[in-house]
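Colleague: Let me give you the structure first, and then I'll get to my questions.
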Amino acid sequence: AQKITQTQPGMFVQEKEAVTLDCTYDTSDPSYGLFWYKQPSSGEMIFLIYQGSYDQQNATEGRYSLNFQKARKSANLVISASQLGDSAMYFCAMREEENFNKFYFGSGTKLNVKP
Amino acid sequence: GAGVSQSPSNKVTEKGKDVELRCDPISGHTALYWYRQSLGQGLEFLIYFQGNSAPDKSGLPSDRFSAERTGGSVSTLTIQRTQQEDSAVYLCASSTTTQATDTQYFGPGTRLTVL
């Protein structure tokens, strides 16, 4: 089974609207971390937000928030007030405490923000 | 401070030639990762270094691939007898400790084209 699943290969959103990018994960480790990265067309991977498995509250970083539903094993990224500069690939990733050598990445979602 | 740097940014080589890709991690980061990203795809884990421990080479696709990390800092990924399917962006990342909560910081990548 895949560790990280991102089911939306591509998404469109109107500028200034909010968008949710889906991510589900699979692990039996009780301790893990979930990460979202942004990859613009220039290619660099930019860390956006982190959620720990024991965190009681959803993580937020500026316009980014993580909708963490532990029982459903989902960690969706919410971008509020989309901007043209948000157009990029977005990757969800997980790291397990038991096997901390490995980051597992999803296949990514290509977000296009329309003016 | 300075981020992760990689060189060269672009490399074009002929099939059968050897190439070396370099990564300078963030100072003080003990963990270093190499990933491969084919066009439009997610990240494929290649190898991981942590301090003076033996590297995790489980992601290397063949024995043509090798990597070393000298002095716990700079790392070199070597691909021998390159093949066209080796064409990809090679990303390096570093992180501090190895708790599940620690994120990686990525370099800009090396785009390898094998003709």
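The values are calculated or read from the model by the stated rules, or taken from the named source; none is laboratory data. All figures in this text were calculated on a predicted structure; none of them were measured in a lab. Ideal geometry is used to build each Cβ from the backbone, glycine not excepted, and the neighbour counts take in all protein chains shown.
Colleague: Being modelled with pLDDT under 95 and among the charged types (D, E, K, R) is the requirement here; does A:Glu97 meet it?
Modeller: So A:Glu97 passes the test.
Colleague: Now for a different question. List the residue pairs whose Cβ atoms are under 9 Å apart, where the first residue sits in the stretch B:41-68 and is away from chain A (no Cβ under 12 Å) and closer than 24 Å to B:Arg111 by Cβ, the second is small (Gly, Ala, Ser) and part of a strand (DSSP E or B), and the two are 6 or more positions apart or on different chains.
Modeller: Cβ pairs passing all conditions: B:Leu60/B:Ser66; B:Leu60/B:Ala67; B:Ala67/B:Ser75; B:Glu68/B:Ser75.
Colleague: Quick one: which residue in B:Ser27, B:Ser73 is closer than 27 Å to B:Thr103 by Cβ and surrounded by 12 or more Cβ atoms within 10 Å (Cβ to Cβ)?
Modeller: Exactly one residue qualifies, and that residue is B:Ser73.
Colleague: I've got another one for you. Do any strands (runs of 3 or more DSSP E) entirely within the stretch A:57-115 hold 1 or more residues that are surrounded by fewer than 21 Cβ atoms within 10 Å (Cβ to Cβ) and β-branched (Val, Ile, Thr), and if so, which?
Modeller: So the answer is A:74-79, A:109-114.
Colleague: What are the residues in the stretch B:37-67 that are of a type in the set (S, T, N, Q), closer than 18 Å to B:Ser87 by Cβ and surrounded by 13 or more Cβ atoms within 10 Å (Cβ to Cβ), if any?
Modeller: The answer is B:Gln37, B:Ser38, B:Gln41.
Colleague: Residues being within 12 Å of another protein chain (Cβ to nearest Cβ), part of a strand (DSSP E or B), under 14 Å from the mean Cα position of the chain (by Cα) and surrounded by 20 or more Cβ atoms within 10 Å (Cβ to Cβ): count how many of those fall in the stretch A:1-47.
Modeller: Of the residues in the stretch A:1-47, 8 are within 12 Å of another protein chain (Cβ to nearest Cβ), part of a strand (DSSP E or B), under 14 Å from the mean Cα position of the chain (by Cα) and surrounded by 20 or more Cβ atoms within 10 Å (Cβ to Cβ).
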